[in-house]
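Here is the structure we will look at, set down as structure tokens.
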Amino acid sequence: MLRNILLVAWRNFRHNKTFTVINIAGLALGIAAFIVISGYVHYERSYDRMLGNSDSIYRVESRFYKDDQLTDDWATSTNGYATAMKKDFPEIADFTRINWNNSERVVRNGSIKYREEHVCFADSNFFQFFRYPLLAGDAATVLQEPNSIVLSATAAKKYFGADDPVGKNLDISTISDSYHCVITGVFADLPANSTMRFSMLVSWLTQRKVFRDFWYIHESYTFVRLEQGVGPEQVEEKFPALAEKYKSGPSLRDLKWAIQLVPVADIHLRPAKQYEVEAKGNARAVRFLAIMAYIILLIAGINYINLSTARAADRAREVGIRKVSGALAIQLTSQFLVESILISVIALAVAVEVVGLLREPVMEFLGTGTGVLYDGPLLSRLALVLVAMILLTGIYPATVLARMNPVTVLKGRYASSPGGMMMRRVMVVFQFTASLLLMAGVLAVYRQIGYMDNEPTGVAIDQTLVLKAPVNTTDYKNAVRSFKAALQGIPGVRQVTGSGAVPGKAVGEFLANRRFGAPKSEERTYEMLRVDFDFIPAYGLTMLAGRAFDAARPADSTGIILNESAVRQLGFADAEEAVGKKVWLETLGSRPNEVIGVIKNYHQQSLQKDFTPVILFMDPALGWIPTNYYSVRIRPGYEHAVTAGAGRLWQRYFPESSFDFFFLDDFYNAQYRQDIGFGRIFLLFSALAIGIACMGLFGLTAHSTRRRTKEIGVRKTLGASIPQLLVLLMRESVRLILFCSLLGLPLAYLFITGWLHNYAFRAGLTWWQFVLPVVALLLIALATIGALAVKAARTNPVLTLKVEN
């Protein structure tokens, strides 16, 4: 029996090559898309799952409230939270900390020196708390002693080659600190799906004692493991009372200090916060892509079902003869199930091969190096989907055919039932509606990307070379002053300025400030941007009132300049009112600082983020806020010469430090890499879904046209023109697309407006971005149908009237 079923299936495939190819190609593309999207989605959701007991580990994030209104929400905490919580909260089973403050450091082994982005202080139990594998050293002791350091495998090779680094020394330097550390261990390189990207960890006891449990620098990640059965809300509720015991300083005294415990496995896909180190994913985009994977599979399955049921009349006589010959319903169902299994298995094999061949170029196009993960969850989901598809695409057509009346069929009077026609129309409506949604979504994504790319940032980022500040050296201030003067002498250099941050990077330094004369209850946090006299003209910032810092006015060194957001938060009516007024800056209790000017808000970071209150300052009394970057504005055509000249000067003035630089426009635009990647993913798989839907439309049209060959011949004989015949054949599809528009456009509006809420600054909605997808879908459908319709309409009616349908 099985042999006979396989033989009939093979003959059916061979005699209907077009439909077989369409079915296999459509299913293969759908399965391939499902594999790639599911791999990407699984990867995005897999962050930090390797840490062990990730479900019971939480990151302690800081929140501040004024009269029950949230004023600040930071991803970090202070060093003092952990020890106080462990002491006072029995719900805390254990904790560990990693301090990101000034973690970008120059590391030296003799003449070998590199600037490492993340060299952090970590608690002694860090490698016991988290399951990062150690290649050398004991997890219990590697970070126990002061001046101990643990390297990644890559860092160990970079500084020591093939030699065993354990027991050897490294010098670690920043602008203000230097440490001579002994290597006590080596850990395996962190997996790509790890939120924390440190390359070296220094023991907690190495940092100055005053900072080890300090309550007023929120630049550490604190992780806690809760006792079994304890919920995070129990700890969150108790924290404000604890904070009142320990926040002994005046800063933010009148605010309610609170925390939020975030599961470590959820960190990657949560919205980014201030003081967050890692690059974040987009939970909404990941959810949408997960849904898209199933939509594409469903579209491919619908194609198969539609073609199978549409061809019911072609196979009616076969079924009728088999039923008259005594075939049972189970035998007929088995025939179509086996055919469905063969099609699905072949499609799966083709899909796996396609993914294997195109994986690298696809991942390069998408801008991700994750690859496709053939892990257990993906394979199990794929198996379930495949079984469901086989049952759906096999049982439904078999049920339709098994219900045929053999007498009616053998007399040649079989026609598709109204119910079957309606079912096919419903499925086509689903395909067109999904395609319309995807097209509208692609257009919205690329409009937003274009908007962010073209919207004025309010700050000049072109033709700017940015040098990272040198580390601590002899007579540092004079060396920097001489270096800046020498840079100005390089041909092609327009301006040189130093600052604590550059556009594209969060300012990251916060102080709790208030207007002079206002009570401490009016304190709010402001980002404090250290600048010099040349910063405002170099970056082309717009002055709204007052003036920029002036080197000819010595008193300007203690003056401050506000942006518009800071003006509003301080309670001034407008920029003009703010000029000449004074502001109390945190830690400078002996004197206020005068506002000498107000600048127009500019986009310090991407347009995803709203403007924040920023205060520009030069005050030497805030010397602990460093100048981290030196920006060199360059005349066009001098980029290479200025970079080379700056490198030579660097070696003369700062031989202890590595020469690290970047061009600001590239750095700033890198903020949109994730948006561009999402746009490409959306575009690729939307095009694929639309292509699969068009393949199904082509197959249905080919079958419908073939079955109406005699009708077309009769109409031509009676004088129908080719345009009239085209209208006849296209009318049904046009009606369906217009009906889909009524369904799809409201859904597209809801989806687009919801997605755009992720951006503080966003492109507006226009009527044409909803009309264009409808027009495009009509043109695609008409082009798909038209090719077959024109061929049928041009066929000699003498030949078509001889055809027996």
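The values are calculated or read from the model by the stated rules, or taken from the named source; none is laboratory data. None of these values were measured; they are calculated from a predicted model. Ideal geometry is used to build each Cβ from the backbone, glycine not excepted, and the neighbour counts take in all protein chains shown. What goes into the accessible areas is simple: the full protein's heavy atoms, side chains included, and nothing from ligands, DNA or RNA. Shrake-Rupley method; radii C 1.70, N 1.55, O 1.52, S 1.80 Å.
Criterion first (part of a loop (DSSP other than H, G, I, E, B), farther than 30 Å from T587 by Cβ and small (G, A, S)) does S194 satisfy it?
Taking the combined requirement at face value, the residue satisfies it.
Among F121, F130, F95, which is the only one that is under 23 Å from V230 (Cβ atoms), at pLDDT 95 or above and open to solvent by less than 50 Å² (accessible area, probe 1.4 Å)?
F95
Kindly indicate whether any position in the range 65-85 is open to solvent by 30 Å² or more (accessible area, probe 1.4 Å), small (G, A, S) and outside any helix (DSSP H, G or I).
No - not one qualifying residue is present in the range 65-85.
Which of the numbered conditions does G546 fail, given that it passes all the others? Conditions: (1) closer than 26 Å to A272 by Cα; (2) more than 30 Å from the chain's Cα centre (by Cα); (3) modelled with pLDDT of 95 or more; (4) not aliphatic (A, V, I, L, M).
Checking G546 against (1) closer than 26 Å to A272 by Cα; (2) more than 30 Å from the chain's Cα centre (by Cα); (3) modelled with pLDDT of 95 or more; (4) not aliphatic (A, V, I, L, M), the one that fails is (1).
State the number of residues belonging to the range 534-557 that are open to solvent by 40 Å² or more (accessible area, probe 1.4 Å) and either more than 18 Å from E594 (Cβ to Cβ) or among the hydroxyl-bearing types (S, T, Y) (or both).
4
Hey, can you tell me all the residues within the range 501-533 that are open to solvent by 60 Å² or more (accessible area, probe 1.4 Å) and in contact with a strand residue (DSSP E or B) (Cβ under 9 Å, 6 or more places away or on another chain)?
Once the filter is applied, which keeps residues that are open to solvent by 60 Å² or more (accessible area, probe 1.4 Å) and in contact with a strand residue (DSSP E or B) (Cβ under 9 Å, 6 or more places away or on another chain), the range 501-533 yields K505, R515, F516, G517, K520, E522, F533.
Being open to solvent by 60 Å² or more (accessible area, probe 1.4 Å) and over 24 Å from N79 (Cα atoms) is the filter here; which residues of the range 178-215 pass it?
Correct list: D189, A192.
I need every pair where a residue in the range 151-163 that is under 15 Å from H118 (Cα atoms) has its Cβ under 8 Å from the Cβ of a residue that is of a type in the set (G, A, S), sequence separation at least 6 or different chains.
L151/G185; L151/S199; S152/A188; S152/S199; A153/A188; T154/S199; A155/S199
Does A760 meet the test of being at pLDDT 75 or above and under 23 Å from F430 (Cα atoms)?
Here the answer is no, as A760 does not meet what is asked.
For L438, indicate whether it is surrounded by 21 or more Cβ atoms within 10 Å (Cβ to Cβ) and either modelled with pLDDT of 90 or more or over 30 Å from G647 (Cα atoms) (or both).
Yes; evaluated as a whole, the condition is true for this residue.
Quickly run through the range 648-706 and pick out the residues that are at pLDDT below 90, farther than 28 Å from P503 by Cβ and touching a Phe, Trp or Tyr at 6+ places or on another chain (Cβ under 9 Å).
L683, L684, A693, G696, L697, G699, A702, H703, listed by residue number.
List the pairs whose first member sits in the range 473-489 and is over 18 Å from S631 (Cβ atoms) and without any contact (Cβ under 8 Å) to a residue 40 or more places away in the chain, whose second member is among the aliphatic types (A, V, I, L, M) and open to solvent by 50 Å² or more (accessible area, probe 1.4 Å), and whose Cβ atoms are under 9 Å apart, counting only residues at least 6 apart or on separate chains?
Cβ pairs passing all conditions: none.
How many of the residues in the range 268-296 are in contact with a helix residue (DSSP H, G or I) (Cβ under 9 Å, 6 or more places away or on another chain) and part of a helix (DSSP H, G or I)?
13
Only one residue in P503, P491 is within 32 Å of the chain's Cα centre (by Cα) and closer than 25 Å to G645 by Cα, so which one is that?
Matching residue, one of P503, P491: P503.
Applying the selection to the range 278-296, what residues are over 11 Å from the mean Cα position of the chain (by Cα) and open to solvent by less than 10 Å² (accessible area, probe 1.4 Å)?
L289, M292, A293, I296, listed by residue number.
Go through (1) at pLDDT 90 or above; (2) open to solvent by less than 20 Å² (accessible area, probe 1.4 Å); (3) out of contact with any strand residue (DSSP E or B) (no Cβ under 9 Å at 6 or more places or on another chain); (4) assigned to a helix (DSSP H, G or I) one by one and return the number of the condition V480 breaks.
Looking at each condition in turn, V480 falls short on (3).
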